[in-house]
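Here's the structure, in structure tokens; my notes come after.
The values are calculated or read from the model by the stated rules, or taken from the named source; none is laboratory data. Values in this document were obtained by computation on a predicted structure and should not be read as measured data. A quick note on method: Cβ atoms are made from the backbone with ideal geometry, for glycine too, and the neighbour counts reach across all protein chains shown.
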Amino acid sequence: MASVRKPVIVRKFSRDWCAGFAGLGFGRDAAELEILDLNGKVLRMAWEQVKWVCYVRDLPSSISDQTNPERLLRKRFSIRPRTAGLWLRLKLADGDELEGLAANDLTLIEGPGLLLVPPDTRSNTQRIFVPRPAIQTLEVISLIGAPGRKRVPAQTVEAGQTELFPGDPAPSREQRP
């Protein structure tokens, strides 16, 4: 059974971070972010302070994780992503740049922020939520379509144009003289 709260790491613009658990619908029409930290205290932060919220596989436990608890090593795609979605490049309010894949739906223009799939899905970070106040610029790099879709073939012969080679099949080897 899935938990109601998911493990997250919240990075602030002050470079501080905190780890804890966030509810499923934490960004919907909330004036502030509310998470349950590892000590069982409820923390509330204004959205203007939050740089991003990373949904992670596991929370940091060692001292080596203190500088980069998200373990977000790559912030850009090295090659074109293969997953369907919108390939976005965000410039954040502190000048940091981040790329990710977003769903091609109304959350791009409505809602409290963007939910992105990071460039390295094998890292600790599975998804990144970037609140709207943190986004300075947003650039759509590419629209990546769903695999398996067949394209509609374009009509090759326009009306009024004669065909160079009519629809007769080419003679087979046995029919050739």
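Of note:
- Scan of region 103-120 for residues that are of a type outside the set (Gly, Ala, Ser) and not in a loop (DSSP other than H, G, I, E, B), ordered by number: Leu106, Thr107, Leu108, Leu114, Leu115, Leu116, Val117
- In region 31-80, the residue that is surrounded by the most Cβ atoms within 10 Å (Cβ to Cβ) out of those that are under 14 Å from Asp16 (Cα atoms) and of a type in the set (S, T, N, Q) is Gln49.
- Within region 19-33, considering residues that are part of a strand (DSSP E or B) and under 23 Å from Gln136 (Cα atoms), the one modelled with the lowest pLDDT: Glu32
- One residue alone among Ile109, Ile135, Ile63, Ile141 is modelled with pLDDT of 85 or more, closer than 20 Å to Arg15 by Cα and β-branched (Val, Ile, Thr), and that residue is Ile135.
- Looking across region 112-123, the residues that are of a type outside the set (A, V, I, L, M) and either within 13 Å of Glu70 (Cβ to Cβ) or modelled with pLDDT under 85 (or both) come down to Pro118, Pro119, Asp120, Thr121, Arg122, Ser123.
- Every pair of residues 6+ apart whose Cβ atoms lie under 9 Å, when the first sits in region 128-148 and is at positive phi and part of a strand (DSSP E or B) while the second is among the acidic types (Asp, Glu) and surrounded by 14 or more Cβ atoms within 10 Å (Cβ to Cβ): none
- Just one residue in the set Ala102, Ala31, Ala84, Ala19 is closer than 20 Å to Pro118 by Cβ, touching a helix residue (DSSP H, G or I) at 6+ places or on another chain (Cβ under 9 Å) and of a type outside the set (Phe, Trp, Tyr); that residue is Ala102.
- Test: residue in region 45-64 that is part of a loop (DSSP other than H, G, I, E, B), free of Cβ contacts under 8 Å to residues at least 60 places away in the same chain, charged (D, E, K, R) and farther than 20 Å from Ala146 by Cα: no
- Extreme residue, surrounded by the most Cβ atoms within 10 Å (Cβ to Cβ), among residues of region 144-166 that are under 29 Å from Gly113 (Cβ atoms) and modelled with pLDDT of 70 or more: Ile144
- Test: Arg80 is touching a residue at least 24 places away in the same chain (Cβ under 8 Å) and not in a loop (DSSP other than H, G, I, E, B): no
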